[in-house]
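Read the structure below first, then the notes.
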Amino acid sequence: MKNRRTFLMMLTGGLMATLVLAIPALAAELIGRVKEVDAAAKKIVVVEKGTHKDVDVTITDQTTYELPTGKTPKKFDIEKLKKRQVTVTHENGVASKIVLKKGEPKAKKGEGKGKKGAGKAKKTAESKP
C-alpha cells in the first residue's frame, strides 16, 4: 500500500512539474518583418515569414525588447521597428518579447546612399575662370 501511494505522489509531482514548464511554451512565436507601426495605439503589423499573412500585435509596457547584440534596453522607440526583421513572442496578439534581427531596414529606390550625384558640388557660372 505504501509503495502505491509513493508511486502516485511521484507521478503527480512529475505531472505538475511538466505542466509548470509547458505553460510558458504555449506562447506563440512569430517570425517576420514589421510592416506598420502605430506608436499612438502601441500596435505593430508583422508580415509572417512563409505565409505572408499580416498579424496585428499589441505592445504593452511589460513588453521586453532584445537588440541584435543581445542587450535589453529599458526604453525603446517602437518607430525603430518599422521594416525590421523581428521575432515576436506573443499570446493572443499581445507581445511579451520582441527580438530584433541583425541588419538595417532596406532603403527604397532613390533614398539613402543610392542617390546619384549626392555630395557632389555643382559647377556654376561664377566658378568658371
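Which residue pairs have Cβ atoms under 7 Å apart, sit 6 or more places apart or on different chains, and have a first residue in region 27-39 that is among the charged types (D, E, K, R) and a second that is exposed (fewer than 14 other Cβ atoms within 10 Å of the Cβ) and modelled with pLDDT of 90 or more?
From residues that are among the charged types (D, E, K, R), the pairs are LYS35/ASP54.
Taking the criterion of being within 23 Å of ASP77 (Cβ to Cβ) and modelled with pLDDT of 85 or more, would at least one residue in region 12-29 satisfy it? Even if it seems obvious, please write down each step before you answer.
Applying the first criterion (within 23 Å of ASP77 (Cβ to Cβ)) to region 12-29 yields none.
No, there is no match, as no residue in region 12-29 is within 23 Å of ASP77 (Cβ to Cβ) and modelled with pLDDT of 85 or more.
Can you go through VAL47, VAL94, VAL57 and tell me which one is among the aliphatic types (A, V, I, L, M) and touching an Asp or Glu at 6+ places or on another chain (Cβ under 7 Å)? It would help to see each step written out before you state the result.
Numbers: VAL94 fails: touching an Asp or Glu at 6+ places or on another chain (Cβ under 7 Å); VAL57 fails: touching an Asp or Glu at 6+ places or on another chain (Cβ under 7 Å).
None of the other options fit; the residue is VAL47.
The values are calculated or read from the model by the stated rules, or taken from the named source; none is laboratory data. Note that the coordinates shown come from a computational prediction; the quantities given were computed from them, not determined experimentally. Positions of Cβ are generated from backbone atoms using ideal geometry, with glycine treated the same way; all protein chains shown enter the neighbour counts.
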